[in-house]
């Protein structure tokens, strides 16, 4: 229920007659940091995504506090010291997909999404490669990309530099439901 507002806000940006809108309310996000002393991993099943099949517009919103770690102390440090989750409660990506996959035919379609990644209050233009899969009418998307902490002004203190990598691998996967269909 708490993400209904995010979905409605995204749908306002996607409104348009005769366009197919797809929604995922439980997109999966996996973050992984490999450093010399320790690997760190976090997962969320609470990201929200909206895709407009007519225009290629794609939005993702991830509540930062929905990312959970193996150890609670890691999660606390992540939210308080690095991401400042109270000040920057979500990360977003807004982009446009090319080429537009044919969602009426089963198959796997490589795509590129050009857009803006907003993490820690810092927006950065990004080009992200991904895969759209259609199977039995079900649309899913996946991607893997790297995010440099410095690009989003996320400071890593020298004392923990060997614990946290400068670049974080992010994996995204989402399975969509049709919100509206063109007639």
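What number in nm² do you get for region 31-160 if you take the convex hull of its Cα atoms and divide its surface by four? Kindly include the intermediate steps, with their values, before the conclusion.
Working: hull surface 35.2 nm².
Value for region 31-160: 8.8 nm².
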Next on the checklist: With 10 angstrom as the radius, rank 78, 145 by how many other C-beta atoms surround their C-beta, starting from the fewest.
Outcome noted: 145, 78
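How big, on average over all directions, is the shadow cast by the Cα convex hull of region 26-80, in nm²?
Values: hull surface 18.5 nm².
The directionally averaged projection comes out at 4.6 nm².
Read-outs throughout are calculated quantities, based only on the coordinates presented, and are distinct from any laboratory measurement. Being a predicted model, the structure only gives us computed values, none of them experimental. A quick note on method: Cβ atoms are made from the backbone with ideal geometry, for glycine too, and the neighbour counts reach across all protein chains shown.
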